[in-house]
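The values are calculated or read from the model by the stated rules, or taken from the named source; none is laboratory data. Quick caveat: nothing in here was measured; it's all calculated off a predicted structure. Glycine also receives a Cβ, built like all others from the backbone with ideal geometry; neighbour counts cover every protein chain displayed.
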Amino acid sequence: MDPTLDASSTAQLVVIAGLAIGAVFGAVAQTTRFCTMGAIADWVNFGDATRLRMWVWAALVAAAGTQALSGLGGVDLSASIYTGRRLLWLSQAVGGAMFGFGMVLASGCPSRALVRTAGGNLKALVVLMAVGLAAQMTLRGVFALPRVEGLDTVALALAGPQDLPSWLARASGLAPAVAQLGLVALLALALLPWLLRSAEFRRPGPLLGGLAIGGLVVAAWWVTGAVGFLPEHPETLEAAWLATDSGRPEALSFVAPTAYGLELLTLWTDRGTTLSFGVATALGTLLGALALTLARREFRWEAFRDAGDMGQHLLGALLMGVGGVTALGCSIGQGLSGLSVLSAGSVIAVAGIAAGAVAALKWQAWRIERLG
């Protein structure tokens, strides 16, 4: 068989798998109301941590599965964007805070906007388009210069990969596999008692929903990092991860793929634009949520109530697009995929996202109280 044709068929398989993973993600998110912003809002506004527990459970499952996959040699996590030797701590903190604040203003992150769009929410559709445009402007447009020549210049140069197992291995002399196992065990011991304390969390919805979402992150790493990996590409003769926008192994993320999806739609006849794993997962999320919505007969049109509502959502979308690219990921890209690698940068980004979201929720509550 022609090696080039074999590479092409493998790339197609990766894209199809991405579509399937996205479809399951969309259906699960629709069924369980899995939402990062909603989880934080429930906890801040009502003291209800059920959805937050489901989110943390998904992150723990993703971390355990991903570290096991890496430890068994199933995927090389050192090639991902989350494990570089430059720790862009300022970009990830500032970008994360921008994303978190915008996520609240826009009534959810891009993954949630896809699910809501599938239910007939035109506000979410406008948010998605605005996120994609803002992300394009931050990747290669007018906002790229201050990002690259400003925030990204403030970084820590590390002696090795920035993931926490590598840090522990370097500091202690432990084997990387032992460091991975030890950190996952510590996380499980620290989090499981808090998770299982809640009877609401132990219900099938949150428990199985978090398990499914976390498992999909692991599946995404396996598809892009193992199925789509070529030790020697027939054209470049170098190692290649096929059908990913970064040219590296990827898991679930929704800001940059939204930008690439918009680019694909506007430059469809350009041979340089192709359907990638990330774009396919975003499309699959929309289709999976739509199928479930139609099956349940829950499709309802919803639009902005006034100009102020639209302006708030557009501002939130702008902050998410710029912040998500600056932080190297969104509440799913850094929050689940990045944390599954146990990346130090992802910890910083997620802290920024949480802080930004809490600040926005407090600001909204203050405005409501002030306006009476």
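Assorted remarks:
- Within segment 92-160, helices (runs of 4 or more DSSP H) holding 1 or more residues that are over 30 Å from residue 78 (Cβ atoms) and of a type in the set (Lys, Arg): 110-118, 122-139
- Among the residues of segment 236-275, those that are of a type in the set (Ser, Thr, Tyr) and closer than 24 Å to residue 108 by Cα comprise 253, 258, 260.
- The residues of segment 204-244 that are β-branched (Val, Ile, Thr) and surrounded by fewer than 19 Cβ atoms within 10 Å (Cβ to Cβ), listed by number, are 227, 236.
- Single match in 177, 220 (criterion: part of a helix (DSSP H, G or I) and at pLDDT below 90): 177
- Within segment 21-42, restricting attention to residues that are surrounded by fewer than 20 Cβ atoms within 10 Å (Cβ to Cβ) and without any contact (Cβ under 8 Å) to a residue 60 or more places away in the chain, the residue that is nearest to residue 253 (Cα to Cα) is 33.
- Check on residue 167, touching a residue at least 12 places away in the same chain (Cβ under 8 Å), surrounded by 15 or more Cβ atoms within 10 Å (Cβ to Cβ), more than 22 Å from the chain's Cα centre (by Cα) and part of a helix (DSSP H, G or I): yes
- If you go through segment 141-155 and keep only what is farther than 14 Å from residue 328 by Cα and either of a type in the set (Lys, Arg) or free of Cβ contacts under 8 Å to residues at least 60 places away in the same chain (or both), you end up with 141, 142, 145, 146, 149, 150, 153.
- For segment 111-140, residues that are farther than 30 Å from residue 32 by Cα, surrounded by 18 or more Cβ atoms within 10 Å (Cβ to Cβ) and without any contact (Cβ under 8 Å) to a residue 40 or more places away in the chain total 0.
- Residues that are crowded, with 24+ Cβ neighbours inside 10 Å, of a type in the set (A, V, I, L, M), in a helix (DSSP H, G or I) and under 14 Å from the mean Cα position of the chain (by Cα) within segment 340-372 comprise 349, 350, 353, listed in sequence order.
- Residue check for residue 295: assigned to a helix (DSSP H, G or I) and surrounded by fewer than 17 Cβ atoms within 10 Å (Cβ to Cβ): yes
- The conditions of being out of contact with any Asp or Glu (no Cβ under 8 Å at 6 or more places or on another chain), surrounded by 12 or more Cβ atoms within 10 Å (Cβ to Cβ), of a type in the set (A, V, I, L, M) and at negative phi are not met by residue 186.
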